[in-house]
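The values are calculated or read from the model by the stated rules, or taken from the named source; none is laboratory data. Keep in mind that what you see is a predicted model, and the values were worked out from it rather than measured. We place every Cβ from the backbone using ideal geometry, glycine too, and count neighbours over all the protein chains shown.
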Amino acid sequence: MLPPTPEGGRMSCAVYVSEGASRDIGSLASISDLLRDEPKAFLWLDVVEPDDADFALIKEEFGLHPLAIEDAIKAHQRPKIEAYGDTWFVIVHAASRTETKLELHEVAIFASSRFVVTVRADPPYSLAAFRQRWEHLPPTVHQDGGTMLYELLDVIVDGYLPIADAFEERVEKLEAALLRKDARTRAVLLQIYEMRRELANFRRAVLPLRDILTPIVRGDLAFFRPEYLPYFRDVYDHVSIVVDSLDAARDIINNARDTHVAIVSNRQGEVSRQLTIVATVFLPLTFITGFFGQNFGFLTGHMTSAASFWWLGVGGEVAALAALLGYFRYKGWF
């Protein structure tokens, strides 16, 4: 493999002449000569964060279309597949997850029957698993652009599956947290919106892969061997499984949000009802005490003993309280 280039980009290039055998290329400037002089050779160039000089060299040696090069230079493109002559330009978003967040990695792929160029944007997606698979392909598998593109997409889609499973586990924990009385309202709500944001970003990366794989499965890419098309259909099925799982998780998260809003509204209603009962209880008590506090002759004349105080004063308040509680009970308010 080639060492890092002096311009600062990181490139590695390998040439495959026969199945199971590879060799390094001496100079990147000799790529076009190698492709012309060795018709059976297949070449893979991997580039991490290339600069303008690296892209100029890649364009010249592989004869790539300037519009495809422009899309590869401008990172943060949407996943897509486009044809430029006998070369197909594919952009996919690989995914990985740390303990704190989901990371998406843009990978641009130039694929033809004679070569594959992979351009990885920052943060670069690790191709260690792909290299392991590629180097241990059975001798009967033909090493060409179609095979490498399948292995790349299969490794990327395989990385989607554990992330989708992790979303389902987090959604289940979120549902359980909503039913706990000690759940912190603000913390749960923030968790819901954070999961919705991550899920939407992840779904935007996965869903276009079905559009990318559709022309491949139809056989529109002429350099694919027909016997490899079932493998691409298998990748398509895996993508559909991930999309269905994400759609189900999205529906559950939306339901969890609605459930959270309903629980919060119910709690507010309970508190408001309890406060209303307390305020209603004190309303007649305030009236009675205020009434007896008036300086009327009848009141002052009849409140002359402890018995009259207890029967007329305190007894009236207790009777009013009992009547209110009985009415609330009859209405089913508590």
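Quick notes on this structure:
- Pairs meeting the criteria (first residue in segment 276-296 and modelled with pLDDT of 75 or more and of a type outside the set (F, W, Y), second residue surrounded by 12 or more Cβ atoms within 10 Å (Cβ to Cβ) and not in a helix (DSSP H, G or I), beta carbons under 9 Å, at least 6 apart or on different chains) are T276/W333; I277/W333.
- S96 being assigned by TED's automatic domain parsing to the domain that holds D251, closer than 26 Å to A14 by Cβ and in a strand (DSSP E or B): yes
- For segment 37-59, a residue qualifies if it is in contact (Cβ under 8 Å) with a residue 40 or more places away in the chain and part of a helix (DSSP H, G or I), and the qualifying residues are A53, D54, I58.
- Selection of first residues in segment 215-243 that are modelled with pLDDT of 85 or more and of second residues that are among the acidic types (D, E), restricted to Cβ pairs under 7 Å at least 6 apart or on distinct chains, gives the following pairs, ordered by first then second residue: V235/D154.
- Just one of the numbered conditions (1) in a helix (DSSP H, G or I); (2) touching a residue at least 40 places away in the same chain (Cβ under 8 Å); (3) not β-branched (V, I, T) is not true of L137: (1).
- In the set H105, H76, only one residue is in contact with a Lys or Arg (Cβ under 8 Å, 6 or more places away or on another chain) and either in contact (Cβ under 8 Å) with a residue 12 or more places away in the chain or part of a strand (DSSP E or B) (or both); that residue is H105.
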